[in-house]
Structures are given as C-alpha cells and as structure tokens.
C-alpha cells in the first residue's frame with residue numbers, strides 16, 4: 001500500500017473516526033482503525049467499538065492499493081504533529097506495519113491484520129428517510145441534554161426517535177424532566193418505527209453534522225445509520241420500552257406566562273449562583289406582570305430577581321431545579337411560553353408556536369420538604 | 001512546640017458481655033459470649049468476656065468455632081436496647097468533662113479535653129476520673145488512652161486492656177509504635193496485612209522502612225496518611241457532629257443459600273430494613289453497597305455511587321440487585337449485607353414524571369407508619385411470605 005495524502009484532510013478524518021474507536025479495556029484491535037486505499041474511491045477510514053461505527057472517504061494520490069489496521073489515537077497524534085502539508089504513507093501488508101513519511105520525519109507504526117477487524121453492520125433498508133442535516137442537528141440538540149446518565153435504566157440513556165407518516169419525533173427524559181420535539185419529514189413514511197438511539201451516538205452526531213446538506217437515515221431493528229458528507233455513522237440501538245411520554249404531557253393549563261428568553265435566562269443564571277451551593281432549587285412566583293425568581297442557601301445567602309412577563313390566567317408559584325430550566329433556555333430563542341397547572345404538576349416550556357413544528361419541555365417540580373402540600 | 005496530650009480515647013471493656021455480667025451476677029467470672037441472634041452455630045461472636053477470650057474466642061469469630069474452643073461458655077443472643085440504654089449513661093459521663101465528644105460506636109468515644117484542665121485537672125487526672133465515674137455510675141470498666149492525637153489515643157487505650165490507662169507522651173511514640181503489629185493500624189485489615197506479611201512486613205517498625213512513594217503505590221491515596229500515622233502524626237480533629245455516615249444491615253442465613261431467588265428475597269428484606277432506618281433519619285443516600293460471604297468465609301463487596309439520591313425500598317433493591325448480579329457467585333452464600341452511604345438531608349422532594357415514583361414514596365411512608373405503630377412484622381411484602389415457606393420446608 002502506498003499513497004500521498006494531504007495532511008489536513010487526513011487529520012480531520014482521523015479526528016472524526018477516533019471517536020468511534022474503543023478507548024480502553026477491550027480487544028486491542030478495537031483501539032485501531034481500518035485504513036483502505038482504493039484507486040477508484042480514495043482512502044477509506046473506518047473505526048468501531050461495536051456500539052458505534054464511523055466511516056469516511058477522503059481523496060489521495062494512490063499508487064498501490066491495500067488495507068491495514070492501525071492504532072487510532074497514536075496515528076492521529078502523529079499526523080497532527082507532522083510539519084509538512086503532504087504525507088507519504090506506505091504499508092507492509094505482510095508484517096502489518098505502516099510507514100508515515102514526510103520531509104524530516106519518518107515513523108514506523110505497528111498495526112493489525114485487517115481481516116480480524118469487525119465489519120460495520122449492513123443496515124439494509126426496511127426504512128429509509130432523508131432530512132436536512134441542519135434540521136437533524138437542531139432537533140438532536142433540542143432534546144439531547146435531557147438524556148439520563150443512570151445506567152440502571154438503559155432506555156433513558158438514549159433518545160427515542162419515532163418516525164411515522166409525515167412526522168419525526170424525538171424524546172429524551174431522565175424521569176424528572178422531558179424534552180419533546182416534532183418535525184415534518186421530507187417524504188412520507190408508510191411504516192411506524194420507534195427506536196432508541198444511544199446517548200453517545202447522539203452526541204457524536206451533534207458534533208459531526210454539518211449545517212448544510214442532507215442526511216440519509218436508514219433504520220432496521222438493531223441498527224441505525226446516518227450518511228452525510230462522505231461520512232457514515234452506524235450505531236447499535238438500545239433495546240427496551242421507552243416510558244409512555246404522551247401520557248405525561250399535560251393537555252391543559254391554568255396559566256400561561258409569556259416571557260423573553262434572554263431576560264429569564266440571565267435572571268435564573270444569577271439566582272442559581274446562590275442556589276447551586278445548596279440543592280440548586282429556584283422558586284418561581286408570578287405576580288401579574290412580573291415573574292419573581294428567588295433562591296436561598298443557608299450558608300451563603302439569598303437572591304431575588306424580577307422579570308417582566310405577560311400573564312394569562314391566575315398567579316402561581318413553583319419550585320424547580322435551576323439546572324433543568326437553564327438547560328432548555330440554552331436551546332430556545334425569542335419569546336417563550338411557560339405553562340402552569342399547579343405547584344406539584346409539570347411545569348411546561350414551549351416555543352412560541354411555529355407552524356408544523358412542536359417543542360415541549362417538562363420539568364417536574366420539587367415538593368418543598370418543610371411545607372404542606374398545596 | 002510540644003504536643004499537648006489533649007485527646008482521650010475511651011473504650012468499654014468487653015462491653016456487651018460486661019453488661020450481661022452486670023445485670024446477672026451469676027455470669028460474673030464466667031466465659032460469656034454474645035453472638036448472632038437465635039441462629040445457633042451460624043452467627044458470629046459480637047463480644048466475648050475476658051474469661052472467654054482466654055480460650056481464644058474473639059469477636060467476629062463464627063459461633064460454631066467459638067463453641068469448639070470454649071464449649072462450656074454461656075452463649076447469649078444480646079439485648080441491644082439495654083446496651084443502648086447504658087451507653088447513653090456512659091456518654092453522659094463523658095459530657096460532664098467536655099462537650100467535645102465524638103461517638104465512634106455504642107461503647108467507644110474520643111474526647112478532646114483541651115481547655116478543660118483548670119476545671120478538671122491534667123489529662124491524666126481527667127482520665128482517672130472518667131474511669132471512676134463510669135464505674136460508679138454504670139458499674140462497668142473501661143480502658144482509656146491519652147495522647148496528642150486520635151490515632152495515638154486509640155493505640156494507648158488498647159495497650160493495657162482491660163481496665164487500662166495508658167498515656168503516650170511524645171518522647172515515647174517511637175518506642176511504643178515500633179513493636180506493634182501492623183494490624184493495629186486503622187485501615188489495615190486481614191487481607192492487607194497478609195499482603196504486607198508476604199513482603200516481610202509484620203510490625204510498624206518494618207512498615208516504616210517503606211518511603212512515602214512506596215506507601216502511596218501500595219495504598220493509593222491513604223498511603224500519605226498512613227505514612228504520617230506510623231510516625232505518630234494524625235491531624236484528624238475530634239468532631240462533635242456525631243453524624244451517621246452509613247446505614248447497613250446484614251443477615252447470616254439459617255442455612256447456606258444457593259438459590260438466587262431466595263437470595264433476592266433476603267436482599268429485599270434487608271433493603272426494607274435499611275431504607276426504613278434511612279427514612280427515619282430523614283436522609284437520602286447516593287451510595288449503595290453490598291457484601292456477600294460464601295460458605296468458605298470469602299467476603300466480596302461491591303459499591304456504586306448513583307446519579308440520584310434514594311430512600312425507597314424499591315430503589316435500593318433495584319441497585320443492590322445489580323451489584324449482586326455483578327458478583328460471580330459460585331459457592332453457597334452464608335451472609336448477605338446491604339447498606340447506603342453518601343447522605344444528604346431530605347428536605348425537598350424532586351417529583352418524578354412517571355408517577356410510579358410518587359406513589360412509591362407515599363407507599364413507603366405508609367408502610368413505615370404501620371410498622372412504627374404495630375411492630376416490624378405487622379405488614380410485609382408477599383415475597384417475604386415465600387421466603388418463610390422456603391425456610392419451613394427446610
């Protein structure tokens with residue numbers, strides 16, 4: 001195997017692939033990535049830890065074809081430090097040894113037999129769907145922060161994706177808060193499909209997805225793949241039943257608060273400077289045309305903030321975890337709706353309605369320990 | 001500056017056994033062994049009187065083995081409420097001398113007597129008075145250690161048991177510590193001791209030959225404090241907050257258990273006990289640990305730090321079950337224990353979206369109040385009945 005390649009192209013690709021390679025405590029070969037030189041297609045890089053796999057094609061001047069598995073992190077680190085723009089890459093396919101060469105540097109790297117490296121699963125097509133990459137990235141970012149990190153309930157450590165007719169929905173929850181988003185599909189999907197995509201995959205996708213272009217999504221019972229910009233991400237799906245999210249989204253409200261996200265965000269941020277020293281609780285209280293945000297910590301002191309609002313309905317108060325509110329405010333813009341039913345009912349945050357799009361975020365309140373229920 | 005000898009460690013001598021001998025004069029001068037409740041030979045010794053210790057019986061030894069060593073001994077199940085009652089009186093004596101009392105267990109405490117000398121005399125005098133007061137008021141004998149820090153005070157109280165009073169002055173530290181077995185050091189248990197024995201280290205003097213880096217390599221973070229301890233240095237304060245750090249319960253089975261279903265039933269029962277105590281303290285906890293001892297006395301422990309704080313039976317059961325599954329059980333099990341730590345005061349209740357949890361909270365509180373009113377066996381889970389059946393079969 002012999003080829004010349006642009007350092008920047010190779011490094012960028014390695015930087016993507018390395019995220020799918022195993023990091024530790026596993027078969028050594030899984031810490032590697034597979035590199036294949038093909039005169040017609042270019043250089044193919046692929047990494048997988050069996051949970052997630054990423055592959056990528058990049059151009060190169062290929063003199064001799066071949067394939068080899070090389071340790072991913074080391075290769076990435078070496079390429080990053082090389083000073084030349086062009087790198088020459090040669091591999092001894094008998095000894096599984098590669099030589100990385102540029103003007104003043106010459107590295108020999110020991111690798112593995114490519115035939116022992118796992119293939120990526122073939123997600124052949126029960127369901128195929130296309131979506132603008134920017135849109136997919138946006139809906140992922142709108143829900144991904146609600147994923148649970150509690151490994152004892154695996155289904156909550158991923159995002160539920162429901163594809164049905166003209167709509168795609170995404171839901172994530174950690175039992176105490178829930179994010180739900182719904183968008184239109186570009187093409188009508190006949191079959192209903194719901195799958196749970198692991199949190200790690202979702203976070204990788206969010207980093208990799210470009211603003212422009214289209215993503216091809218393929219799903220079968222066990223795997224999902226995302227294809228964009230010569231990159232393919234394949235992931236195992238989480239098995240199990242996602243909790244019934246439809247049941248917990250309230251269909252009524254007693255009051256609606258309309259507020260500018262920026263005002264609310266900075267007020268809650270300031271109040272949480274006090275709250276985070278204790279249990280991170282902020283108390284919200286609507287008083288006609290303003291929302292009062294208070295927090296208290298027995299050691300540090302207390303905070304009082306006021307934000308101008310429009311109120312439809314009666315006044316309310318509710319106590320919530322400040323971080324749950326700040327998480328959602330990070331992904332919202334402009335004016336937002338806060339819908340209330342009571343101090344022990346879900347607190348609902350919505351975008352000011354946009355046609356064909358729907359975003360709902362629920363926070364369960366905190367029942368104050370030393371007060372009677374209302 | 002010279003260390004002032006302000007730290008006193010008081011340790012009651014053979015506490016449970018002595019209380020029995022106190023309440024029942026016929027037991028005095030006899031080998032009395034307090035151990036596992038109603039479990040015949042399967043429990044372990046919790047306290048042996050000094051008469052019994054002469055036969056080699058010591059705490060944590062299986063009752064069956066104790067009976068071999070000391071067949072004529074008097075074996076009693078223990079009366080914990082009585083021990084608690086006297087313990088309160090003993091601690092009240094400590095508080096006559098200083099408010100700075102750190103409770104280590106039911107029969108053991110550290111006292112910081114700094115600033116009490118004008119009122120009560122020097123540290124030796126205070127130690128003598130404590131011994132006298134405890135004997136007069138409660139009728140029990142204790143051993144007292146006086147030194148400049150907690151580690152040395154605890155070593156001191158152990159040097160001349162029973163009825164001891166030992167003062168470790170700064171100039172004697174080396175002579176006293178060097179010949180002691182490494183097992184006297186808190187944190188060095190049987191297993192660590194064995195490891196050190198393998199590299200020829202039996203005494204503190206020999207342990208001192210390891211430098212700081214070597215100790216850190218062997219013991220991790222604790223290496224540094226160990227390095228200081230064996231040189232007689234200990235910066236820990238006597239902390240007055242007698243906060244509970246963990247709550248746990250364990251159960252030695254009447255018969256070794258191999259059936260995993262039955263094991264889970266015992267686990268559930270323990271989870272109920274632990275969480276009930278937890279709720280009583282109004283704590284929530286984020287660390288769960290279990291221990292399992294097989295019939296060859298091999299002990300395995302597992303612990304996990306959760307992302308959430310829990311206090312419900314079902315949550316503890318769920319997490320401890322995962323820990324249990326993680327243990328590769330090959331032999332029949334004789335003991336299982338479960339516990340929680342990492343406490344936070346339960347002031348505010350984060351409600352859950354999927355309201356099984358909210359119902360569970362009410363459910364647990366209802367069960368607790370029934371048990372408070374009508375006793376521990378007044379209400380139980382259906383799974384517990386299965387366990388009862390199983391036992392009756394055998």
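Values quoted throughout were computed directly from the atomic coordinates according to the rules given, and no laboratory measurement underlies them. Note that the structure is a prediction, hence the values are computed from the model and not measured. Every residue, glycine among them, receives a Cβ derived from its backbone with ideal geometry; neighbour counts consider all protein chains shown.
With a cut-off of 11 Å on the backbone N, no residue of region B:98-112 is near the modelled label site 7 Å out from residue B:237 along Cα-Cβ.
The length gained by stretching the chain between residue B:163 and residue B:23 to full extension, at 0.36 nm per residue less their Cα-Cα distance, is 48.5 nm.
Over the residues of chain A, the helix contribution to mean residue ellipticity at 222 nm works out to -5500 deg cm²/dmol, using -39500 (n - 2.57) for each DSSP H run of at least 4. Only Cα sites of region A:128-247 enter the Debye sum here, all with the same form factor; the resulting log10 I(q)/I(0) across q = 0.09, 0.19 1/Å is -0.21, -1.01, listed in q order.
Averaged over the residues of B:100-106, the number of partner chain Cβ atoms lying within 10 Å of the residue Cβ comes to 0. Placing dummy labels 7 Å off each Cα toward the beta-carbon, the span from residue B:372 to residue B:81 is 1.7 nm.
Calculated mean residue ellipticity, 222 nm, chain B: -12500 deg cm²/dmol, from DSSP H runs (n ≥ 4) at -39500 (n - 2.57) each, averaged per residue and rounded to 500.
Neighbour counting of Cβ atoms within 10 Å sorts the residues A:193, B:152, B:226, fewest neighbours leading, into A:193, B:226, B:152.
Taking a ≥ b ≥ c as the square roots of the eigenvalues of the Cα gyration tensor, region A:2-116 is classed as rounded, since a/c falls below 1.5. Between the helical axis of A:133-143 and the longest alpha-carbon principal axis of chain A there is an angle of about 50 degrees. Computed from Cα positions, the angle between helix A:261-275 and the longest principal axis of chain A comes to roughly 90 degrees.
Projected onto its three principal axes, the C-alpha set of region B:211-354 covers 50, 44, 26 Å, listed from the longest axis down. Among the residues of B:342-349, the average count of other protein chain beta-carbon atoms within 10 Å of the residue beta-carbon is 4.
For region A:236-311, the alpha-carbon coordinates run over 46, 32, 21 Å along the three principal axes, in decreasing order. Pair-distance distribution of chain A: all C-alpha pairs, bin width 20 Å, starting at 0; shares per bin in whole percent are 25, 44, 26, 5. With both labels modelled 7 Å from their Cα along Cα-to-Cβ, the residue A:304 to residue A:247 distance reads 4.3 nm.
The calculated FRET efficiency for residue A:93 paired with residue A:216, based on their beta-carbon distance and R0 = 45 Å, is about 0.85. Each eigenvalue of the Cα gyration tensor of region A:169-235, multiplied by 5 and square-rooted, gives one semi-axis; in descending order these are 20, 16, 13 Å. If a/c stays under 1.5 just call it rounded; otherwise compare a/b with b/c (prolate if a/b is bigger, oblate if not). Do that for region B:215-280, with a ≥ b ≥ c from the square roots of the Cα gyration tensor eigenvalues. Verdict is oblate for region B:215-280. Spin-label model, residue B:347 to residue A:194: label points 7 Å out along the Cα-to-beta-carbon direction sit 3.9 nm apart.
By the count of neighbouring beta-carbon atoms within 10 Å, fewest first, B:336, B:367 end up ordered B:367, B:336. Residue-normalised convex hull volume from the C-alpha trace of the protein assembly as shown: 248 Å³ per residue.
Each of the peptides B:309-320, B:197-208 was scored by the mean count of other Cβ atoms within 10 Å over its residues; in descending order, highest first, they stand as B:309-320, B:197-208.
Classify region A:255-363 as rounded, prolate or oblate from the Cα gyration tensor: take a ≥ b ≥ c as the square roots of its eigenvalues, call it rounded if a/c is under 1.5, otherwise prolate when a/b beats b/c and oblate if not. Since a/c reaches 1.5 and a/b is larger than b/c, the shape of region A:255-363 is classed as prolate. Within 10 Å of the Cβ of each residue in A:276-288, the mean number of Cβ atoms contributed by other protein chains is 1. With neighbours defined as other Cβ atoms within 10 Å of a residue's Cβ, the residues B:338, B:238 order from fewest to most as B:238, B:338. If you plug the beta carbon distance of residue B:175 and residue B:120 into 1/(1 + (r/R0)^6) with R0 = 30 Å, you get a FRET efficiency near 0.55. What FRET efficiency, computed as 1/(1 + (r/R0)^6) with R0 = 51 Å and r the Cβ-Cβ distance, is obtained for residue A:350 and residue A:77, rounded to the nearest 0.05? With R0 = 51 Å, the Cβ-Cβ based efficiency is 0.65. Estimated at 0.36 nm per residue, the fully extended path between residue B:381 and residue B:282 surpasses their Cα-Cα distance by 33.4 nm. Legend: Rg and Dmax of chain B, from Cα coordinates, 23.1, 69 Å.
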